[in-house]
Amino acid sequence: MSAAEPVIEVRQLDAFYGRRRILHGVDFQVMPGEIRVIMGASGSGKSTLLRHLIGLQRPHAGSVRILGTDVAKAGPAEMLALRRRLGVSFQGGALITSMSVGENVALPLREHTRLDENTIRIMSRLKLEVVNLGGFQDLMPSQLSGGMVKRAALARAIVMDPKLLFFDEPSAGLDPVVSAELDELILKLRDALRMTIVVVTHELDSALKIADTITVLDQGRILETGSSVSVQASNNERIQDLFHRRPRPVDVDVDEYLRRLTQEEL
Amino acid sequence: MSLALQLVWRLGKRSVDGVRGLGYAGALLVESLWFSVAGFRSGQTVRFAAVAEQMRQVGVDAVPIVALLSFTVGLMLGIQFVAALGDFGAESQVLMAVAKSVTREFGVLITGILIAGRSGSSFAARIGSMSVSQEVDALGVMGIDPVRYLAAPALLAMLVMLPVLTILANVMAILGAALYCAPVLDISPTVYIVQTLNLLEPGDIWQGLSKSVVFAVLITLVGVSTGFGVSGGAEGVGRATTRAVVYSISAIIVADMIFSFFLNR
Ligand SMILES: Nc1ncnc2c1ncn2[C@@H]1O[C@H](COP(=O)(O)OP(=O)(O)OP(=O)(O)O)[C@@H](O)[C@H]1O
Ligand SMILES: [Mg+2]
């Protein structure tokens with residue numbers, strides 16, 4: 001792949017849950033080595049976009065190309081090859097609850113490599129050290145605090161040294177110090193391991209600190225994509241609301257409002 | 001919406017959901033078997049360690065309860081047959097009645113119902129809570145096929161352990177019957193058992209064992225597919241667990257009836 005080719009290339013992506021349309025014609029591109037932050041109000045479709053980027057959902061319309069693979073057309077073998085090159089840390093961590101932290105981190109190595117037990121143990125402990133969880137490998141996920149879950153999930157996501165890392169809400173619900181540490185970690189991963197990183201976040205400070213570029217999503221549409229400076233300077237009212245923590249003006253459509261109140265349930 | 005229309009709509013939705021559920025379970029079966037046989041070629045090997053762990057949970061851990069309950073059922077059958085056949089002075093037929101009904105019917109049915117309650121529910125609960133907490137998604141994006149990792153080991157373990165447990169149940173039930181019937185028939189328990197063994201034909205044993213294989217498939221598919229279908233948080237997991245038990249026991253009993261009909265005509 002030449003350096004100029006995007007790692008992620010999404011064109012005119014539509015997504016539905018049932019009949020509800022969640023994403024409207026989303027175009028989205030990320031270049032190698034970039035840290036892209038996706039911002040947007042709660043429910044704007046950030047996690048849904050992410051689910052498409054990691055191939056958990058197939059596009060309803062439009063195309064998603066990740067590391068040169070078309071997610072909609074890829075067969076099982078191609079998807080597997082792609083997934084080995086991706087790391088994903090979910091919004092809730094999604095550690096396997098029946099396994100210890102160490103086993104969780106070692107799981108991708110066990111399943112995808114033929115390394116011997118010793119090597120696997122050392123490699124997974126190394127990654128735990130990277131996320132400042134050294135020595136915690138024997139705890140069960142239920143014994144971890146929220147911040148530790150996020151860091152353990154990150155360790156599992158990077159254990160195969162992925163080319164591309166997705167991180168949903170790294171700092172939600174964490175104290176400022178831990179969340180700042182996670183930001184440092186993300187920067188370190190990009191600089192030391194040359195990963196391309198896509199981060200979904202609500203936290204303005206953290207977004208501005210780590211982002212090379214920011215995409216703002218609003219009600220399933222991309223409002224703007226650009227460098228963090230240019231997005232901050234945008235004239236778009238919704239973006240300014242988001243950046244200055246202003247409550248949204250409520251526009252009332254009387255007919256729609258009445259219909260919602262009186263509609264019969266199916 | 002009028003009441004009649006609502007009823008029709010619900011009925012239609014139920015039927016569609018039912019057919020979809022059957023299709024899904026069928027696909028699960030095919031995929032699990034496929035991964036077990038040929039998964040290693042596409043980097044989705046079904047690990048022996050995972051199957052062994054499932055075999056322990058499904059089979060070994062169930063040995064005491066299966067043994068105890070089938071012994072009790074055997075005892076009960078002995079009492080009933082002695083009472084019923086004694087009325088006709090046909091006590092000598094008790095041995096035959098116990099031997100055939102246990103090996104063809106009761107051994108496998110007791111085992112099936114117990115394992116549906118124990119393991120069918122635990123498949124549904126485990127996989128259901130994993131779906132809810134996105135662990136199933138996480139497996140998927142790590143390139144670990146959830147069907148291969150969660151469903152295939154469960155199916156293989158059940159296919160091995162349910163027949164084994166059925167044999168155990170047969171033995172224990174006949175022992176239970178011997179304990180009560182031998183004194184009544186004025187023979188020693190050893191003689192009772194030897195006579196039973198002489199009476200039994202391979203066909204009787206095979207009937208029970210072939211049913212146990214079908215039960216294993218039914219219990220696993222119902223448990224696993226309700227687990228994967230869970231939505232709606234912890235409450236959803238609870239509902240799925242209950243549904244898995246009710247559906248799998250119903251499926252077992254209906255399948256048993258159909259089997260008995262065709263095998264004993
Ligand atoms: N499994 C689902 N079934 C139906 N609708 C869903 C499902 N998941 C999400 N949605 C809907 O899709 C919309 C977008 O959800 P999404 O999770 O992508 O939002 P988000 O931007 O990640 O929000 P947050 O910042 O709160 O995580 C929401 O309105 C939500 O109700
Ligand atoms: Mg989200």
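FYI, it's all coordinate maths here, none of it is from the lab. Bear in mind that the values here come from a model prediction, so they are computed numbers and not experimental data. Cβ: placed from backbone, ideal geometry, glycine included. Neighbour counts: every protein chain shown.
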Projected-area average for segment B:17-263 over all orientations - Cα convex hull basis, square nanometres: 14.8 nm²
Net lengthening on full extension, B:L199/B:W9 (0.36 nm per residue, minus Cα-Cα): 62.8 nm
Dipole magnitude (debye, nearest 20) for chain B, charges at Cβ of Lys, Arg, Asp, Glu: 720 debye
In nm, spacing of pseudo-spin labels at B:F261 and A:D241 (7 Å Cα→C-beta vector): 6.3 nm
Ranked A:K73, A:K150, criterion: other C-beta atoms within 10 Å, fewest first: A:K73, A:K150
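Normalised by the residues of segment B:58-117, what does the relative contact order come to in percent, with Cα pairs under 8 Å and at least six apart?
Relative contact order here is 46 percent.
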B:D186 versus B:S210: modelled label distance in nm, points set 7 Å from Cα along the beta carbon direction: 4.0 nm
Subset of A:K46/A:K188; A:K127/A:K209; A:K73/A:K127; A:K46/A:K73; A:K73/A:K150; A:K46/B:K13 violating a 30 Å alpha-carbon distance limit: A:K73/A:K127; A:K73/A:K150; A:K46/B:K13
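Please order B:S119, B:S250 by the number of other Cβ within 10 Å, starting at the fewest.
With the sparsest Cβ surroundings first, the list reads B:S250, B:S119.
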Local net charge near A:T213, Cβ-Cβ under 14 Å (Lys/Arg +1, Asp/Glu -1): -1
Kirkwood estimate for segment A:61-213, i.e. one over the average of 1/r between Cα atoms, Å: 16.1 Å
Charge-dipole axis of the protein assembly as shown as Lys and Arg at +1 and Asp and Glu at -1 on Cβ define it, positive-most pick from A:M31, B:V164, B:I79: A:M31
Förster radius 25 Å - calculated FRET efficiency between A:D116 and A:R58 (Cβ-Cβ, nearest 0.05): 0.10
All-pairs alpha carbon distance profile, chain A, 10 Å steps from 0, percent: 7, 27, 33, 22, 9, 2, 0
Calculated [θ] (222 nm, deg cm²/dmol) that DSSP helices of n ≥ 4 give over the protein assembly as shown, each run adding -39,500 (n - 2.57): -19000 deg cm²/dmol
Mean Cα-pair separation over length for segment B:17-263, i.e. relative contact order, pairs under 8 Å, 6 or more apart, %: 33 percent
Rounded, prolate or oblate (a/c below 1.5 giving rounded, otherwise prolate when a/b exceeds b/c) for segment B:1-135 by Cα gyration tensor: oblate
Helix runs (DSSP H) in chain B reaching 30 Å along axis by Cα, Kyte-Doolittle at least -0.5: B:3-38, B:63-86, B:152-185, B:202-228, B:233-263
Per-residue Cβ neighbour rank within 10 angstrom, fewest leading, A:H202, A:H244: A:H244, A:H202
Segment A:177-216: C-alpha gyration tensor shape, a/c 1.5 cut-off, then a/b vs b/c: oblate
Two-site label geometry, A:K73 and A:E5: point separation in nm, points 7 Å out along Cα→Cβ: 1.4 nm
With eigenvalues of the C-alpha gyration tensor scaled by 5 and rooted, the protein assembly as shown, Å: 56, 28, 19
Computed magnitude of the charge dipole of segment A:1-113 (debye, nearest 20; Cβ of K, R +1, Cβ of D, E -1): 340 debye
Percentage relative contact order, chain A, counting C-alpha pairs under 8 Å, at least six apart: 23 percent
Extension reserve of the B:A49-B:V37 stretch, reckoned as 0.36 nm per residue once the Cα distance is removed: 2.7 nm
Test item: Cα-centred dipole of the protein assembly as shown, Lys/Arg +1 and Asp/Glu -1 on Cβ, debye: 680 debye
